[in-house]
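Notes for the one structure printed next.
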Amino acid sequence: MKINLADNIRAFRKQRSLTQEQLSEVLGVTAGAVYKWEAKLSVPDLSLIVEMADFFDTSVDVLLGYEMRDNHQEAAVARLKQYLHDKDGEGISEAEKFLKKYPNSFEIVYRSAVLYQIFGLEKNDKSYLNRALELFRHSLLLLAQNKDPKISEMTIYGEMAEVYISMGDAQKAVELLKKYNAKGVYNDMIGLTLAGDCDRPEDAVPFLSDALIGNMVSMVRIVTGYFQIFYERKDYGQARDILLWEIGILSGLREEGKYTFLDKTETVFLACCAYAQIKTGDREGAENSLTAAKELAECFDHAPNYDADQIRFIVCREPASAHDNLGVTAMDALERTVSAMNDEGFSALWEEVKSHE
């Protein structure tokens, strides 16, 4: 709830071309009192507010600047989200009001917990963080009401773990994350916490390795998806740029003298990049990319290796290998990619590159 009394007293006074001294004479108070009202240093008595409203020919509501707000549950949830987005500290007091009004609403309890969590993290306020934990626990009891597929028991425990880390209880956080680490979703957090907060770097390595592999697979899918979008839009400059970005990452994970299953993917991305380059008029760049793709495919096919631990930085807890549907060999994948573009000029450039020794 916001009151704009100070601003409105000043606005109505100026509208009538009155000084603070003149208004004070009308109301029978000191000029200093009017100054304090307008400076938000004090608030006039109710009787004086009513008298001012009458003098200014307006209502008390208008003078106060009070606006009735929708406090129904959906509107309350929307306001809690907005307070978080705006980093508005007023959201904390509003959250407590909503919690009293809707104590058993999952959305109100959960959104209030998130508000306390974020403000607690930013302000390093343990009282806020403890309140966040309390509300997260309560939200778990109300989880059956949840309709947001992005929120689950697992994600709530993950948020609680973040709170424990901020409160200095890293071991409690790791235990919680391990317990709810379905499909390795928290491998990165576990690895970071073990390495940074628990002083257990060797224990962190397997979790960080698994996280790196998982995120590389995700990034390959994401970049492939973006390429398809840009391809359909004929936005070949954007297609080239995102592929070059990902190719740089893949190359950085190759140890000198070693070739991994990521090189097979990089071969495909180089071919796609060449297509985008030729469509933007950069024939020389396209030729260079196809040449690099051909050389990389030949190197990989000479000694194909699908073991995950061949990737730079990776240490596997147990043997792990990759599988793909790109083709039996990297050269197969390259040929299929060129053919899929269905572009005579691009195919002709590929044949020219293949003919080079």
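The values are calculated or read from the model by the stated rules, or taken from the named source; none is laboratory data. This is a predicted model, so every value here is computed, not measured. Here the Cβ is made from the backbone with ideal geometry for all residues, glycine too, and neighbour counts use every protein chain on show. Just so you know, the surface numbers come from the protein's heavy atoms only, side chains and all, with ligands and any DNA or RNA stripped out. Shrake-Rupley method; radii C 1.70, N 1.55, O 1.52, S 1.80 Å.
Annotations
- Rounded, prolate or oblate (a/c below 1.5 giving rounded, otherwise prolate when a/b exceeds b/c) for segment 67-159 by Cα gyration tensor: oblate
- Share of carbon and sulfur in the accessible heavy-atom surface of segment 300-357 [1.4 Å probe, %]: 48 percent
- Remark: accessible surface ordering of GLU352, GLU74 (largest first) is GLU74, GLU352, probe radius 1.4 Å.
- Above-threshold pairs, the threshold being 25 Å between Cα atoms, out of LYS123/LYS147; LYS87/LYS126; LYS14/LYS36: LYS123/LYS147
- Estimated from helices alone, the mean residue ellipticity of the chain at 222 nm is -22500 deg cm²/dmol (sum of -39500 (n - 2.57) over DSSP H runs with n ≥ 4, per residue).
- Think of the chain as having a plus end and a minus end, set by charges on the Cβ of Lys, Arg, Asp and Glu; of LEU121, PHE230, ALA211, LEU121 sits farthest toward the positive end of this dipole.
- Largest GNM mean-square fluctuation across LYS172, LYS150, LYS123, computed for the chain with C-alpha springs under 10 Å, falls on LYS150.
- Within straight-line reach of LYS264, meaning a Cα separation under 30 Å, sit the following lysines at least 8 residues removed in sequence or on another chain: LYS183, LYS234, LYS279, LYS294, LYS354.
- Per residue, the average separation of C-alpha pairs within less than 8 Å and at least 6 apart gives segment 174-220 a relative contact order of 32 percent.
- For segment 253-333, diffusion coefficient by Stokes-Einstein and Kirkwood Rh (Cα), 20 °C, 1.002 mPa s, µm²/s: 160 µm²/s
- Within the shell of other residues whose beta carbon sits under 10 angstrom from the beta carbon of SER209, the net charge comes to -1, with Lys and Arg scored +1 and Asp and Glu -1.
- Surface accessible to a 1.4 Å probe, per residue, for the residues of segment 134-203, Å²: 56 Å²
- Charge dipole magnitude, Cβ of K and R +1, D and E -1 - the chain, Cα centre, debye nearest 20: 1320 debye
- Largest accessible area first, the listed residues THR260, THR155 line up as THR155, THR260 when surface is computed with a 1.4 Å probe on the assembled protein chains.
- Inter-label distance for GLU74 and GLN145, nm, one decimal - labels placed 7 Å from Cα along Cα-to-Cβ: 1.6 nm
- Per DSSP, loop trypsin sites (Lys or Arg not before Pro) in segment 209-318 with at most 15 further Cβ within 10 Å: LYS234, LYS258, ARG312, ARG317
- FRET efficiency for ASN215 and LYS40, using Cβ-Cβ distance with R0 set to 41 Å, rounded to 0.05: 0.25
- Gyration tensor verdict on segment 1-58 (Cα atoms; rounded if a/c is under 1.5, prolate if a/b is larger than b/c, oblate otherwise): rounded
- Comparing ALA31, ALA78, ALA239 in a Gaussian network model of the chain, where Cα atoms under 10 Å apart are tied by springs, the biggest mean-square fluctuation is seen for ALA31.
- Neighbours of ASN288, meaning other residues whose beta-carbon lies under 14 angstrom from its beta-carbon, give a summed charge of -2 when Lys and Arg score +1 and Asp and Glu score -1.
- Using only side-chain charges placed at the Cβ, +1 for Lys and Arg and -1 for Asp and Glu, the dipole size of segment 46-173 relative to its Cα centre rounds to 700 debye.
- Karplus-derived 3J(HN,Hα) values for segment 336-349, using 6.51 cos²θ - 1.76 cosθ + 1.60 with θ = phi - 60°, are 5, 5, 4, 5, 5, 6, 6, 10, 4, x, 5, 5, 5, 5 Hz; glycine and proline are entered as x.
- Sites matching trypsin sites (Lys or Arg not before Pro) across segment 75-105 that sit in DSSP coil, with at most 13 neighbouring C-beta atoms within 10 Å: LYS87
- Among ILE242, ILE151, ILE49: highest mean-square fluctuation, GNM of the chain, C-alpha pairs under 10 Å: ILE49
- Heavy-atom accessible area per residue - segment 215-321, 1.4 Å, Å²: 52 Å²
- Note on the chain: Cα convex hull, mean projected area over all directions, 28.0 nm².
- Tensor-based shape of segment 210-296 (alpha-carbon gyration tensor, a/c under 1.5 rounded, otherwise prolate or oblate): oblate
- Protein-only accessible surface order, largest first, of HIS85, HIS138, HIS356, HIS323 at 1.4 Å: HIS323, HIS85, HIS356, HIS138
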